[in-house]
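The values are calculated or read from the model by the stated rules, or taken from the named source; none is laboratory data. These numbers come from a predicted model, not from an experiment. Here the Cβ positions follow ideal geometry from the backbone for every residue, glycine too, while neighbour counts run over all protein chains shown. Each accessible area value is taken on the protein alone, full model and side chains, heavy atoms only, with ligands, DNA and RNA left out. Shrake-Rupley method; radii C 1.70, N 1.55, O 1.52, S 1.80 Å.
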Amino acid sequence: MAEGTRILLIGPPGAGKGTQALELSSAFSIPAISTGDIFRENVRNATPLGLQAKSFMDAGNNVPDSLTNDLITDRLASPDCVGGFLLDGYPRTTDQVRHLDDFLADHHTKLDVVVQLVAEPDIVVERLRKRAVDQGRTDDDEAVVRHRLDVYAEQTAPLIDVYSARGLVAAIDGIGDISEVTQRITDALHARGITP
Ligand code: AMP
(Lines give C-alpha, C1' and ligand atoms only; values in the text may rest on other atoms or scores of the structure.)
Protein backbone atom coordinates (compact mmCIF):
# COMPACT_ATOMS: atom_id res chain seq x y z
CA MET A 1 0.00 0.00 0.00
CA ALA A 2 1.35 3.42 -0.97
CA GLU A 3 2.04 6.00 1.75
CA GLY A 4 0.23 9.31 1.99
CA THR A 5 -3.30 10.59 2.24
CA ARG A 6 -5.91 10.44 -0.52
CA ILE A 7 -8.88 12.73 -0.05
CA LEU A 8 -11.92 13.51 -2.20
CA LEU A 9 -13.81 16.75 -1.71
CA ILE A 10 -17.40 16.60 -2.85
CA GLY A 11 -20.18 19.18 -2.65
CA PRO A 12 -22.29 21.49 -4.79
CA PRO A 13 -20.75 24.37 -6.72
CA GLY A 14 -20.19 27.25 -4.33
CA ALA A 15 -19.84 25.07 -1.22
CA GLY A 16 -16.22 26.25 -0.81
CA LYS A 17 -14.42 23.18 -2.16
CA GLY A 18 -11.65 25.15 -3.86
CA THR A 19 -10.86 27.16 -0.74
CA GLN A 20 -10.83 24.15 1.57
CA ALA A 21 -8.85 22.14 -0.99
CA LEU A 22 -5.99 24.64 -0.69
CA GLU A 23 -6.11 24.56 3.11
CA LEU A 24 -6.00 20.76 3.22
CA SER A 25 -3.39 20.54 0.49
CA SER A 26 -1.05 22.67 2.53
CA ALA A 27 -1.85 20.93 5.85
CA PHE A 28 -1.25 17.45 4.37
CA SER A 29 1.47 18.47 1.89
CA ILE A 30 -0.40 16.85 -0.98
CA PRO A 31 -1.34 18.37 -4.35
CA ALA A 32 -4.88 19.73 -4.67
CA ILE A 33 -6.16 18.68 -8.05
CA SER A 34 -9.18 20.52 -9.41
CA THR A 35 -10.48 19.22 -12.73
CA GLY A 36 -12.36 22.54 -13.10
CA ASP A 37 -9.08 24.49 -12.78
CA ILE A 38 -7.35 22.20 -15.26
CA PHE A 39 -10.19 22.63 -17.75
CA ARG A 40 -10.21 26.43 -17.26
CA GLU A 41 -6.47 26.62 -17.86
CA ASN A 42 -6.88 24.59 -21.05
CA VAL A 43 -9.69 26.90 -22.19
CA ARG A 44 -7.50 29.96 -21.49
CA ASN A 45 -4.65 28.48 -23.49
CA ALA A 46 -7.00 27.31 -26.26
CA THR A 47 -5.55 23.77 -26.20
CA PRO A 48 -7.40 20.99 -28.06
CA LEU A 49 -8.78 19.80 -24.69
CA GLY A 50 -9.89 23.33 -23.82
CA LEU A 51 -11.64 23.74 -27.16
CA GLN A 52 -13.51 20.48 -26.59
CA ALA A 53 -14.46 21.31 -23.00
CA LYS A 54 -15.50 24.96 -23.39
CA SER A 55 -19.06 24.57 -24.68
CA PHE A 56 -19.93 22.07 -21.93
CA MET A 57 -18.48 24.33 -19.26
CA ASP A 58 -20.18 27.48 -20.53
CA ALA A 59 -23.53 25.68 -20.47
CA GLY A 60 -22.92 24.38 -16.94
CA ASN A 61 -22.84 20.77 -18.09
CA ASN A 62 -20.28 18.15 -17.19
CA VAL A 63 -17.50 17.66 -19.70
CA PRO A 64 -17.82 14.12 -21.17
CA ASP A 65 -16.45 11.36 -18.94
CA SER A 66 -13.98 10.10 -21.53
CA LEU A 67 -12.15 13.45 -21.69
CA THR A 68 -12.28 13.96 -17.94
CA ASN A 69 -11.09 10.45 -17.11
CA ASP A 70 -8.13 10.71 -19.51
CA LEU A 71 -7.15 14.01 -17.98
CA ILE A 72 -7.24 12.68 -14.43
CA THR A 73 -5.29 9.54 -15.34
CA ASP A 74 -2.50 11.74 -16.70
CA ARG A 75 -2.55 14.02 -13.69
CA LEU A 76 -2.61 11.26 -11.06
CA ALA A 77 0.24 9.48 -12.80
CA SER A 78 2.50 12.51 -12.14
CA PRO A 79 5.29 11.95 -9.61
CA ASP A 80 3.87 14.53 -7.17
CA CYS A 81 0.79 12.34 -6.63
CA VAL A 82 2.70 9.29 -5.47
CA GLY A 83 2.60 10.49 -1.85
CA GLY A 84 -1.12 11.24 -1.87
CA PHE A 85 -3.47 13.81 -3.37
CA LEU A 86 -6.69 15.67 -2.87
CA LEU A 87 -9.28 15.66 -5.64
CA ASP A 88 -11.63 18.65 -5.87
CA GLY A 89 -14.50 18.26 -8.33
CA TYR A 90 -13.65 14.72 -9.46
CA PRO A 91 -15.32 12.24 -9.61
CA ARG A 92 -18.63 13.81 -10.60
CA THR A 93 -20.40 10.82 -12.20
CA THR A 94 -20.68 7.09 -11.51
CA ASP A 95 -18.55 6.43 -14.60
CA GLN A 96 -15.81 8.59 -13.09
CA VAL A 97 -16.08 6.69 -9.79
CA ARG A 98 -15.47 3.44 -11.68
CA HIS A 99 -12.52 4.97 -13.49
CA LEU A 100 -10.98 6.23 -10.26
CA ASP A 101 -11.58 2.85 -8.56
CA ASP A 102 -9.71 1.14 -11.40
CA PHE A 103 -6.87 3.64 -11.27
CA LEU A 104 -6.45 3.22 -7.52
CA ALA A 105 -6.64 -0.58 -7.72
CA ASP A 106 -4.03 -0.60 -10.51
CA HIS A 107 -1.77 1.47 -8.26
CA HIS A 108 -2.41 -0.70 -5.18
CA THR A 109 -3.87 2.15 -3.20
CA LYS A 110 -7.23 3.49 -2.02
CA LEU A 111 -9.05 6.56 -0.80
CA ASP A 112 -8.81 7.48 2.87
CA VAL A 113 -11.85 9.72 3.10
CA VAL A 114 -14.51 11.58 1.13
CA VAL A 115 -15.18 14.99 2.63
CA GLN A 116 -18.70 16.11 1.78
CA LEU A 117 -19.13 19.89 2.10
CA VAL A 118 -22.78 20.57 2.84
CA ALA A 119 -24.36 23.88 1.80
CA GLU A 120 -27.95 24.81 0.97
CA PRO A 121 -28.73 25.84 -2.64
CA ASP A 122 -29.86 29.38 -1.71
CA ILE A 123 -26.59 30.04 0.05
CA VAL A 124 -24.42 28.71 -2.74
CA VAL A 125 -26.33 30.72 -5.35
CA GLU A 126 -25.60 33.87 -3.36
CA ARG A 127 -21.91 32.95 -2.94
CA LEU A 128 -21.59 32.28 -6.66
CA ARG A 129 -23.29 35.58 -7.46
CA LYS A 130 -20.43 37.27 -5.59
CA ARG A 131 -17.81 35.12 -7.29
CA ALA A 132 -19.24 36.06 -10.70
CA VAL A 133 -18.48 39.70 -9.86
CA ASP A 134 -15.06 39.02 -8.27
CA GLN A 135 -13.67 36.47 -10.73
CA GLY A 136 -15.74 36.94 -13.87
CA ARG A 137 -16.34 33.21 -14.40
CA THR A 138 -18.72 32.85 -17.35
CA ASP A 139 -20.36 29.79 -15.76
CA ASP A 140 -21.28 31.79 -12.64
CA ASP A 141 -24.12 33.54 -14.48
CA GLU A 142 -27.26 32.89 -12.40
CA ALA A 143 -29.14 30.72 -14.91
CA VAL A 144 -26.01 28.63 -15.48
CA VAL A 145 -25.46 28.35 -11.74
CA ARG A 146 -28.99 26.98 -11.26
CA HIS A 147 -28.33 24.47 -14.01
CA ARG A 148 -25.00 23.43 -12.44
CA LEU A 149 -26.84 22.80 -9.18
CA ASP A 150 -29.33 20.57 -11.03
CA VAL A 151 -26.48 18.70 -12.72
CA TYR A 152 -24.87 18.27 -9.30
CA ALA A 153 -28.12 16.94 -7.79
CA GLU A 154 -28.69 14.51 -10.66
CA GLN A 155 -25.23 13.24 -11.44
CA THR A 156 -22.96 13.90 -8.47
CA ALA A 157 -25.05 13.80 -5.28
CA PRO A 158 -25.74 10.06 -5.82
CA LEU A 159 -22.00 9.42 -5.42
CA ILE A 160 -22.32 10.31 -1.75
CA ASP A 161 -24.42 7.16 -1.25
CA VAL A 162 -21.85 5.10 -3.12
CA TYR A 163 -19.02 6.30 -0.88
CA SER A 164 -21.20 6.21 2.27
CA ALA A 165 -21.80 2.52 1.66
CA ARG A 166 -18.02 2.14 1.80
CA GLY A 167 -17.88 4.05 5.10
CA LEU A 168 -15.78 6.81 3.59
CA VAL A 169 -17.95 9.93 3.90
CA ALA A 170 -17.38 12.68 6.46
CA ALA A 171 -20.22 15.22 6.08
CA ILE A 172 -19.14 18.72 7.08
CA ASP A 173 -21.24 21.85 7.44
CA GLY A 174 -19.71 24.16 4.81
CA ILE A 175 -21.26 27.34 6.17
CA GLY A 176 -19.10 29.62 8.29
CA ASP A 177 -15.71 31.30 8.23
CA ILE A 178 -13.06 29.60 6.14
CA SER A 179 -10.97 28.74 9.22
CA GLU A 180 -14.01 27.42 11.09
CA VAL A 181 -14.88 25.05 8.23
CA THR A 182 -11.22 23.96 7.93
CA GLN A 183 -11.23 23.17 11.65
CA ARG A 184 -14.41 21.08 11.29
CA ILE A 185 -12.81 19.08 8.50
CA THR A 186 -9.55 18.64 10.40
CA ASP A 187 -11.46 17.42 13.48
CA ALA A 188 -13.49 14.94 11.40
CA LEU A 189 -10.35 13.59 9.77
CA HIS A 190 -8.60 13.36 13.11
CA ALA A 191 -11.54 11.37 14.48
CA ARG A 192 -10.92 8.89 11.65
CA GLY A 193 -7.23 8.69 12.43
CA ILE A 194 -6.29 10.78 9.40
CA THR A 195 -3.63 13.28 10.36
CA PRO A 196 -0.90 15.08 8.41
P1 AMP B 1 -15.68 23.41 -11.06
O2 AMP B 1 -14.56 24.39 -11.06
O3 AMP B 1 -15.37 22.15 -10.30
O4 AMP B 1 -16.99 24.03 -10.63
O5 AMP B 1 -15.88 22.94 -12.58
C6 AMP B 1 -16.25 23.86 -13.59
C7 AMP B 1 -16.75 23.11 -14.81
O8 AMP B 1 -15.71 22.25 -15.31
C9 AMP B 1 -17.92 22.19 -14.55
O10 AMP B 1 -19.17 22.85 -14.58
C11 AMP B 1 -17.77 21.20 -15.71
O12 AMP B 1 -18.20 21.78 -16.93
C13 AMP B 1 -16.26 21.04 -15.79
N14 AMP B 1 -15.80 19.94 -14.89
C15 AMP B 1 -14.99 20.06 -13.81
N16 AMP B 1 -14.77 18.87 -13.25
C17 AMP B 1 -15.46 17.96 -13.99
C18 AMP B 1 -15.64 16.55 -13.91
N19 AMP B 1 -15.07 15.81 -12.93
N20 AMP B 1 -16.42 15.96 -14.86
C21 AMP B 1 -17.00 16.67 -15.83
N22 AMP B 1 -16.88 18.01 -15.96
C23 AMP B 1 -16.11 18.65 -15.05
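What residue among TYR152, TYR90, TYR163 has the largest mean-square fluctuation in a Gaussian network model of the chain, using Cα springs under 10 Å? Maximum among the listed residues: TYR163.
Residue by residue, segment 89-94 carries 3J(HN,Hα) couplings of x, 8, x, 10, 9, 5 Hz when phi is fed to the Karplus relation 6.51 cos²θ - 1.76 cosθ + 1.60 (θ = phi - 60°); x denotes Gly or Pro. For segment 184-191, backbone phi angles converted through the Karplus equation (6.51, -1.76, 1.60; θ = phi - 60°) give residue-by-residue couplings of 4, 5, 4, 4, 5, 5, 4, 4 Hz, Gly and Pro being listed as x.
Springs between Cα atoms under 10 Å define the GNM used for the chain, and in it the highest mean-square fluctuation of GLN135, GLN52, GLN20 occurs at GLN135. Counting Lys and Arg as +1 and Asp and Glu as -1 over every other residue whose Cβ lies under 10 Å from the Cβ of HIS99, the net charge comes to -4.
GNM on the chain, alpha-carbon springs under 10 angstrom: the most fluctuating residue among LYS110, LYS17, LYS130 is LYS130.
Would you mind working out the accessible area per residue for the chain, using a 1.4 Å probe, and quoting it in Å²? Don't skip to the end; give the middle numbers.
Numbers: 9750 Å² over 196 residues.
Ligands and nucleic acids excluded, the figure is 50 Å² per residue.
The slack in the chain from GLN135 to ARG98, taken as 0.36 nm per residue of separation less the alpha-carbon distance, amounts to 10.0 nm. Distance from a point 7 Å along Cα→Cβ of SER164 to each backbone N in segment 89-117: keep the residues under 15 Å and list them by number. In segment 89-117, the label zone of SER164 (backbone N under 15 Å from the point 7 Å along Cα→Cβ) covers 114-117. One Cα centroid belongs to segment 56-95, the other to segment 135-155; the line between them spans 18 Å. Each Lys and Arg Cβ is given +1 and each Asp and Glu Cβ -1; about its Cα centre, the chain then shows a dipole of about 100 debye.
Mean separation of Cα pairs under 8 Å and 6 or more residues apart, divided by the residue count, gives segment 43-113 a relative contact order of 18 percent.
Got a number for carbon plus sulfur as a percent of the chain's accessible area, 1.4 Å probe? The partial results should precede the final answer.
Numbers: 5070 of 9750 Å².
Answer for the chain is 52 percent, counting heavy atoms of protein chains only.
FRET efficiency for the SER55 to ASP187 pair, using the beta carbon distance and R₀ = 30 Å, is estimated at 0.15.
Normalising by the residue count of the chain, find the relative contact order in percent from Cα pairs under 8 Å and 6+ residues apart. Provide the component values of the computation, followed by the final result.
On the way: 271 pairs, mean separation 66.0, N = 196.
Computed over the chain, the figure is 34 percent.
Among 53-59, 137-143, 8-14, how do they line up by average Cβ neighbours within 10 Å per residue, starting with the highest? Could you put the intermediate results ahead of the total?
On the way: 53-59: 16.3, 137-143: 14.7, 8-14: 24.3.
Result, highest mean Cβ count within 10 Å first: 8-14, 53-59, 137-143.
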